[in-house]
Amino acid sequence: MTIIVTGGAGFIGSNFIFYMLKEHPQDRIVCLDSLTYAGNLSTLAPVMDQPNFRFVKLDICDRPGVYTLFEEEKPDVIVNFAAESHVDRSIENPEVFLQTNIIGTSVLMDACRKYGISRYHQVSTDEVYGDLPLGRPDLFFHEDTPIHTSSPYSTSKASADLLVMAYHRTYGLPVTISRCSNNYGPYHFPEKLIPLMIANALNDKPLPVYGTDEFIKATEQSVIGHLSTIKVPSMRLLFLVDLIAFV
C-alpha cells in the first residue's frame, strides 16, 4: 500500500511517518511538505534513506504538482496533516490559513477523485467546537457538538471538514476525519504550549496564560494517542481526548 502523508515534516505528521514505517514496513510512505516555518526536514533524517520512503517538497495548493505526484505514486491512502495551525498567526494573517487549510484540502480531494483512492483522512482539531464554560464540568465535546468557531484558524479547519464531508456525500469519496485536542510529544514546535512553558521556565522567563478563566479547553492529548485513531477504517468523525497510549 502507498500512503501520501501531507505535512509530514511537521510535529504530528513526522511522528505518524515514524510509526507507519516501524509498524508497517511493507507499506510505501510518500511525504509531501512545503517546509514552512513549522516543517523541519532534519526531523525526517532517520528515515530519508529507507527504500520505502520518499520526500517531496510541494505545497498542497499546487494543483499541477499534486496531480503529477498522484500520477507517479498512485497512492491508496491520503493522510492530510498539512495545515496552518496557530491561532495567533491566523489573527495576524487570515488569508494564508484560508488558502492552505481550505483550498489545499480541496486540491487533495480533487486529486483523490481524479486518480482514485481507498481512503482520504483529514486531520482536524477540537478548536472547531469552540470553548466550554468553566462552571460546567458535566459538559464535553462529542461528535454531534455543533461547530462554534472563534478564530480564523478554527474557521478554516471547520470549513475544510465540511468540504471533506461534502465530497463524501456528493462524490462518494471514502473519508474519515479526526478532531483531536492539543497534541504533545517528540518534535513539538517550540511556540506551542507545553514546549513553550518548559523552555520559558528553564530560562527564567514569564509563563504566558492566554484568555480569561471563563472557559476551558479539552485536555492535552498524546501524539501517539492521536495516531491510533487514524487506523479506524469507517467514515465517521473521530474525537479523542486525554489518550496517552495506543488503544
In nm, the gap between the two label points placed 7 Å beyond Cα toward Cβ at T36 and I147 is 1.9
Long-range HN-HN contacts of N183 with modeled amide H, under 5 Å: Q221
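Let me know the Kirkwood hydrodynamic radius for the stretch 94-144, please, with Cα pairs as the basis and the value in Å to one decimal. Show your work: numbers first, answer last.
Numbers: mean 1/r = 0.0716 Å⁻¹.
In the stretch 94-144 this quantity evaluates to 14.0 Å.
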In the stretch 31-181, what percentage of the DSSP-assigned beta bridges are antiparallel, given to the nearest 5? 0
Counting only backbone N atoms under 19 Å from a point 7 Å out along Cα-to-Cβ of V209, the residues of the stretch 131-145 in range are 131-137
Return the long-range amide H neighbours of T125 (sequence gap of 5 or more, or a different chain), with a cut-off of under 5 Å between placed amide H atoms. C180
Over the Cα atoms of the stretch 20-139, what radius of gyration and what Dmax do you get, in Å? 16.9, 54
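The stretch 48-110: D in µm²/s via Stokes-Einstein (Kirkwood Rh, Cα pairs, 37 °C, 0.692 mPa s)? List each step's numbers first, then the result.
Values: Rh = 13.2 Å.
Stokes-Einstein gives a translational diffusion coefficient of 249 µm²/s.
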Please report the base-10 log of the normalised intensity I(q)/I(0) for the stretch 102-189, using a Debye sum with one equal scatterer per alpha carbon and no solvent, at each q in 0.14, 0.19, 0.21, 0.25 (1/Å). -0.58, -0.93, -1.05, -1.25
Using a Förster distance of 35 Å, how high is the FRET efficiency between F140 and D76, based on the Cβ-Cβ distance and rounded to 0.05? 0.50
Cα centroid separation - the stretch 93-155 against the stretch 38-92, whole Å: 18
Provide the per-residue ³J(HN,Hα) series for the stretch 137-147, in order, calculated from phi with Karplus coefficients 6.51, -1.76, 1.60 and θ = phi - 60°, each as a whole number of Hz, with x at glycine and proline positions. x, 7, 8, 9, 6, 8, 4, 9, 4, x, 5
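Determine, from the Cβ-Cβ distance of L196 and E95 and an R0 of 22 Å, the FRET efficiency 1/(1 + (r/R0)^6), rounded to the nearest 0.05. Provide the component values of the computation, followed by the final result.
Working: r = 25 Å, r/R0 = 1.15.
Computed FRET efficiency for L196 and E95: 0.30.
Quick note: the coordinates plus some simple rules give every number you see, no bench work behind them. Small disclaimer: the values here were computed from a predicted structure and weren't measured. Using ideal geometry, Cβ is built from the backbone for each residue, glycine included, and neighbour counts are taken over all protein chains shown.
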